[in-house]
Structure formats: C-alpha cells, structure tokens
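One structure is given below, encoded as structure tokens.
The values are calculated or read from the model by the stated rules, or taken from the named source; none is laboratory data. Keep in mind the model is a prediction, meaning the values are calculated, not measured. Virtual Cβ from ideal backbone geometry, glycine too; neighbours counted across all protein chains shown.
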Amino acid sequence: MAGLFRKVYDWLMRTFWATEMDVTMIGLQNAGKTSLLRVLSASRQGGEFTIDSIPTIGFNMKRVQRGHVTLKCWDLGGQPRFRPMWERYCRGVSAIVFIVDLADRDILPQAKDELHSLMSQPSLIGIPLLVLGNKSDLPNKLSVDELIDSMDLKSIGEREVCCYGISAKEETNLEAVVQWLVKWAGR
C-alpha cells in the first residue's frame, strides 16, 4: 500500500507542483559534456531519474527528472563554430554549467578565455555558474583548487559560482552536481 501511496504522491507533485529548469551545458570540445548528460539522464538512483531525449544537430537536449524538478539540459557543441551560439542558449536559463577537461592542461587558457568572454555578456548577469572539472579519474589531472586558480573563477562576479571535480565515466560527484542544480529550481 505504501508503494501505491508513493506513486500517487509523486504523480501529484509532478502534475501540480512540478518545476522545470533550463540548464545550459557548455565547454570546449572533448570536455565530456555529452558523456555527463548521458550518464545523468540514464541514472536510476532510487528510481528518481527518468529519461527523455531529443537528438538535434549542433546541440543536444535531455530531460532529467529528479523528484518534482525537471532539469531540461541543453548540451551545446564545443567546437569553435558553435561557440557564438553559447550566449543565446545561456540567456534566461536557471544555471550555466561549464565543463573542463581536468587532464588537458594545454587547453585551460582557451577554456578560461571562452568562459570569461561569455560571463562578461550583460544578458547573463545573475545566472548561477557551475564549473565542472571532468575526468578526475585520469592521472596528472588538476585539483579543484588548481582549476579554480587556472580558470580565475574568483574574479567572476555578479552571480553564484561553484566548482566541483567530477568523473562522468566513474560517476564521481554527480549527486552533488544534481543537488546544486536542483537548489536553483524555482528561484
């Protein structure tokens, strides 16, 4: 009987008190954006995640259900030809997620420049920023503190900024990522 009550309760929450938030996931090519989104949308922690996928050209969108919150995640291409679209897809979202390859130190200056250029856009003021250092399972990776320094995250103002080290492959720290995103739902 408790299982039936839970199903009815969950349905009522989704139907009448559901919150949908738009999240844009960006970063340079090969940072692991698509892998992260695939893992998040396929996760089944406590049966709370569900999958809804719409494949598109140049970007990808998946919905991740967590309780009464639906994260509508836009995964934008990281190649130079797609970067001019980033600002447009970041306008008005609940949160921006910028993903960096922790093991590719050579690309960090470029990632830093792209991030700071994007965050300087007046249309994005106030939108929370979550920087994820992906591939924390690889050798010779940066620590989170080194990533914060390398990306000069402390100089990004006019918004909440948070940084986590993750591994999409090993599913490390993904629960913290989802909890941080859900925290911004409805704000």
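Pick from Ser53, Ser41: which is among the hydroxyl-bearing types (Ser, Thr, Tyr), at pLDDT below 85, within 26 Å of Ser167 (Cβ to Cβ) and in a strand (DSSP E or B)? The match here is Ser53. Take the conditions (1) over 17 Å from the mean Cα position of the chain (by Cα); (2) within 22 Å of Leu40 (Cα to Cα); (3) buried (at least 22 other Cβ atoms within 10 Å of the Cβ); Ile96 misses just one of them, which is (1).
Only one residue in Leu174, Leu153, Leu115, Leu147 is crowded, with 17+ Cβ neighbours inside 10 Å, touching a Phe, Trp or Tyr at 6+ places or on another chain (Cβ under 8 Å) and not β-branched (Val, Ile, Thr), so which one is that? It would help to see each step written out before you state the result.
Numbers: Leu174 fails: touching a Phe, Trp or Tyr at 6+ places or on another chain (Cβ under 8 Å); Leu153 fails: touching a Phe, Trp or Tyr at 6+ places or on another chain (Cβ under 8 Å); Leu147 fails: touching a Phe, Trp or Tyr at 6+ places or on another chain (Cβ under 8 Å).
Within the list Leu174, Leu153, Leu115, Leu147, the selection yields Leu115.
Listed by position, the helices (runs of 4 or more DSSP H) enclosed by segment 87-187 that each have at least 2 residues that are within 20 Å of Leu76 (Cβ to Cβ) are 108-119, 174-183.
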